[in-house]
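Accompanying notes for the structure given below.
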Amino acid sequence: MTASSDPAPQESASREPVSKDPVPRESTSKETGPQGAGRLLAVSDLHAAVTDNRPIVESLHPTSDADWLIVAGDVAERPEDIRWALGLLADRFAKVIWTPGNHELWTLDKDPVRLRGQARYDHLVELCRELGVLTPEDPFPLWPGPDGPVAIAPLFLLYDYTFRAPGTHTKEESLAVAHKSGIVCNDEYLLHPDPYPTRDDWCRARVAETERRLAAHDPEIPLVLAGHWPLVREPTSIMWYPEFAQWCGTELTADWHRRFNVTAVVYGHLHIPRTTWYDGVRFEEVSIGYPREWRERGHPRGLLRQILPYEPESAPPARTDTATSGGTL
C-alpha cells in the first residue's frame with residue numbers, strides 16, 4: 001500500500017540496500033515422502049524484480065521429485081522477469097501452478113510489452129503454457145495425496161471495492177477516503193481493465209466464470225482454492241491501513257469455502273504470512289513480501305508453505321494481534 005505518488009517497486013529497487021543476511025536455502029534433498037508422495041507447497045509475492053528478492057527466488061527448491069508448487073501471484077511486473085522466475089521453478093518442481101496478482105497485470109511506462117488488461121493476462125497465460133506452468137485457464141489438476149486426490153483450483157478474481165473503507169457505503173465514498181488519506185493502490189494508475197469499463201466489472205466477470213467452474217467440479221474431490229486476493233474480508237482486519245482493504249478482494253466470494261468442498265485456501269497480497277481458520281477451513285497467506293518486511297520479521301514459516309499433507313505441528317501459531325505489512329502491495 002502506498003501513497004499514489006510512490007514509484008513502482010521495480011523502479012525503486014535500486015535504492016534498496018543490498019542485504020548482508022544469508023538467504024535460507026530450501027532443502028535440495030530428493031528423498032520422497034510416504035509411499036513416494038511429494039508435498040503440495042505454496043508461495044506468493046516473490047517480487048522477483050526487487051534486487052534482494054532475486055536470491056530468494058533462486059533459493060527455492062523441492063525436497064522431493066514429486067513436490068508441486070502453487071505460486072499465488074505477484075511474481076514480478078515485466079513478462080521477462082516473470083518468465084525467468086516461473087521458468088526456474090518449473091525446471092525444479094514436478095508441477096507449478098500460477099495465478100496472477102495485481103503486479104503481473106500492471107503496464108509500466110518502461111515495459112516493452114505494452115499490452116493492457118485482458119490482453120496482458122492472455123499474454124501471460126501463453127507464457128506459462130510455453131513453460132509448462134498451469135494457470136486459471138487450465139483444467140484443475142489433481143494432486144495425488146496420500147488420502148486421495150485433491151483438485152487445485154487456481155483463481156483469478158481481482159476485487160470490486162466492496163471491502164470498503166470504514167464508515168463508507170459506496171465505492172465512490174471509499175475511494176475518496178483513500179485519496180484523502182494518501183493510501184491509494186498503484187493499481188488505480190497501472191492496472192488497466194481493458195476491454196472492461198472498470199476493474200470491478202472485470203472482477204465480476206471473473207467471479208461469475210470461476211464460480212461456474214467450481215459448481216461444475218465433482219463435489220467428492222476436495223479442493224484447494226489458490227488465488228492472490230483473500231476470499232473473505234477478515235484477513236484484512238489487522239492491516240495498518242484499513243483504507244487499503246478495498247483493493248483486496250470481493251464480498252462475492254465470502255461463502256465459497258463453505259459452499260464447496262474446500263480443504264484449504266491459499267492467498268497472498270497482504271504481505272502478512274500466517275495461518276487462520278474460518279468456518280473450520282484453513283486459510284494460508286503465503287507471501288514473501290518486500291525486503292523491508294522480511295528483514296524485520298524474518299521467514300518464521302519458511303520460504304515455502306506446506307499446504308498438503310497438512311502438518312499442524314510444523315509451524316508456530318500465527319500472530320493475529322498486529323499487522324506486519326506496510327509496503328506497496
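The values are calculated or read from the model by the stated rules, or taken from the named source; none is laboratory data. Note that this is a predicted model, so its numbers are computed, not measured. For neighbour counting, all protein chains shown are included, and Cβ atoms are generated from backbone atoms with ideal geometry for every residue, glycine included. Protein only, heavy atoms only, side chains kept; ligands, DNA and RNA dropped before computing areas. Shrake-Rupley method; radii C 1.70, N 1.55, O 1.52, S 1.80 Å.
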*In the stretch 186-245, the residues that are among the polar types (S, T, N, Q) and without any contact (Cβ under 8 Å) to a residue 40 or more places away in the chain*: 198, 237
*Going through the stretch 248-275 one residue at a time, which ones are surrounded by fewer than 18 Cβ atoms within 10 Å (Cβ to Cβ) and either at pLDDT below 95 or under 13 Å from residue 236 (Cβ atoms) (or both)?*
251, 254
*asked:* Taking the conditions exactly as written (open to solvent by 10 Å² or more (accessible area, probe 1.4 Å), of a type in the set (A, V, I, L, M, F, W, C), touching a Pro at 6+ places or on another chain (Cβ under 8 Å) and touching a residue at least 24 places away in the same chain (Cβ under 8 Å)), does residue 124 satisfy them or not?
replied: no
*Filter the stretch 80-121 down to the residues that are assigned to a loop (DSSP other than H, G, I, E, B) and small (Gly, Ala, Ser), then identify the one that is least open to solvent (accessible area, probe 1.4 Å).*
101
*asked:* If the requirement is being small (Gly, Ala, Ser), modelled with pLDDT of 95 or more, in contact with an Asp or Glu (Cβ under 6 Å, 6 or more places away or on another chain) and under 23 Å from residue 229 (Cα atoms), which of these qualifies: 73, 117?
replied: 117
_Scan the stretch 223-236 and tell me whether some residue there is hydroxyl-bearing (Ser, Thr, Tyr) and surrounded by fewer than 22 Cβ atoms within 10 Å (Cβ to Cβ)._
no
*In the stretch 282-312, how many residues are assigned to a loop (DSSP other than H, G, I, E, B), open to solvent by 40 Å² or more (accessible area, probe 1.4 Å) and without any contact (Cβ under 8 Å) to a residue 60 or more places away in the chain?*
5
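Tally up the residues in the stretch 152-169 that are part of a strand (DSSP E or B) and among the β-branched types (Val, Ile, Thr), please.
Counting residues in the stretch 152-169 that are part of a strand (DSSP E or B) and among the β-branched types (Val, Ile, Thr) gives 1.
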*Would you tally the residues in the stretch 127-147 being free of Cβ contacts under 8 Å to residues at least 12 places away in the same chain and in contact with an Asp or Glu (Cβ under 9 Å, 6 or more places away or on another chain)?*
1
